[in-house]
Amino acid sequence: MFASISVDLDEIPCYSAIHGLEPPTDGSAHAVYERGVARFESWLRQLDARATFFAIGRDLDHAPARDAIARLHGAGHEIGNHTFHHRYDFTRRSAESQGDDIRRGADAIEHACGERPVGFRAPGYTIVDATFEQLTAQGYEYDSSVFPCPPYYAAKAAAIASIAARGRRSHSIVDDPRVLTAPADPYRVGTPYHRRGDGMLELPIGVTGLASARLPFIGTTVAMAGERGARWLARAMGRRPLVNLELHGIDLLDAEADGLAWLKPYQPDLKRAGQAKLAALNSAVTVLLETGYTLVTLHEAAHRLE
């Protein structure tokens, strides 16, 4: 059995867009690359593990971000494509626009680390059949965007409505509800993508088993659950062939220490101290290792599962 830690390197302006806020103009705008990445590197060294980091191409115009990606790649971590622009309405754009966004993201990653990505994750976990067509045409080996999680879907829809009720507009969008019927374990996509077929390999975002209502096994829920809750969530993953623990760069940031106090009232996980979040993540991963899971990158998982 395999487990993968994947980290979406969404910079702080992405969270401004989610909450309908003006983007920061101070140093906090680059907190993920300038502070968070180093903490992930340290944690993964302690675990003796390699992870998959999904980078947004436009962020790599910033020299410290390029250097971080090169450093991660040099240490053996996989760098995946999270598009160039990270537009939350990515899937509502034309197939040609999606293809260009994917291609430009890959170009930026290749420029930063010398290797073209083979894995993809869509902004906001939202993907459509046209995206898979573009990924196939560009030679990708796997996608990891499908998130068949009813509690997350409901919470996201409620958050968007709540932001609108407060007079702001979230850039986030909800997925096609049929994604909730998609397999929770790796599968080859059909048409539509939430059915099995003979298309690209999909490595879904982690959810617990049906008996526990397919709860999200992602950084936000693990961190918010605390150490005890994190252990429970990890055990509730059962014995899936792949546990895909999806995190974000913000998961190891601290509101006070990293200049994000302005975002704390809007972003729930920032109400937890950085060290408390790290302790919860450690608890979850420890359970997985004790259960017999081997930590691998998503690319390696894709090959081994094949």
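The values are calculated or read from the model by the stated rules, or taken from the named source; none is laboratory data. Values in this document were obtained by computation on a predicted structure and should not be read as measured data. Positions of Cβ are backbone-derived with ideal geometry, glycine not excepted, and every protein chain shown enters the neighbour counts.
Taking first residues from region 10-38 that are under 14 Å from H62 (Cβ atoms) and in contact (Cβ under 8 Å) with a residue 12 or more places away in the chain and partners that are among the polar types (S, T, N, Q) and crowded, with 17+ Cβ neighbours inside 10 Å, the Cβ contacts under 6 Å between residues at least 6 apart in sequence or on separate chains come to I12/S28. Just wondering, is there one or more residues in region 40-59 that are without any contact (Cβ under 8 Å) to a residue 60 or more places away in the chain, surrounded by fewer than 17 Cβ atoms within 10 Å (Cβ to Cβ), over 28 Å from P241 (Cα atoms) and of a type outside the set (S, T, N, Q)? No, that holds for no residue. Mind listing whichever residues of region 152-174 are among the basic types (K, R), part of a loop (DSSP other than H, G, I, E, B) and closer than 12 Å to I18 by Cα? Of everything in region 152-174, those that are among the basic types (K, R), part of a loop (DSSP other than H, G, I, E, B) and closer than 12 Å to I18 by Cα turn out to be R168, R169. Between G259, G229, the distinction of being assigned to a helix (DSSP H, G or I) and at pLDDT 95 or above belongs to G229 only.
Among the helices (runs of 4 or more DSSP H) lying completely within region 1-100, list those that include at least 1 residues that are acidic (D, E). Give the derivation first.
Working: elements: 12-19, 37-47, 63-74.
Ranges flagged: 37-47, 63-74.
The number of residues in region 84-143 being of a type in the set (G, A, S), crowded, with 16+ Cβ neighbours inside 10 Å and farther than 19 Å from D176 by Cβ comes to 6. Taking region 210-246 as the range and being hydroxyl-bearing (S, T, Y) and closer than 26 Å to F120 by Cα as the test, the residues that pass are T220, T221. Taking the numbered list (1) of a type in the set (V, I, T); (2) closer than 18 Å to E133 by Cβ; (3) without any contact (Cβ under 8 Å) to a residue 40 or more places away in the chain in turn, T208 passes all entries but (2).
Only one residue in P151, P117, P123 is more than 19 Å from G57 (Cα to Cα) and modelled with pLDDT of 95 or more, so which one is that? Don't jump to the end; show me each part of the working.
On the way: P117 fails: more than 19 Å from G57 (Cα to Cα); P123 fails: more than 19 Å from G57 (Cα to Cα).
Among P151, P117, P123, only P151 is more than 19 Å from G57 (Cα to Cα) and modelled with pLDDT of 95 or more.
Only residues that are surrounded by 15 or more Cβ atoms within 10 Å (Cβ to Cβ) and touching a His at 6+ places or on another chain (Cβ under 7 Å) were counted in region 177-202, giving 2.
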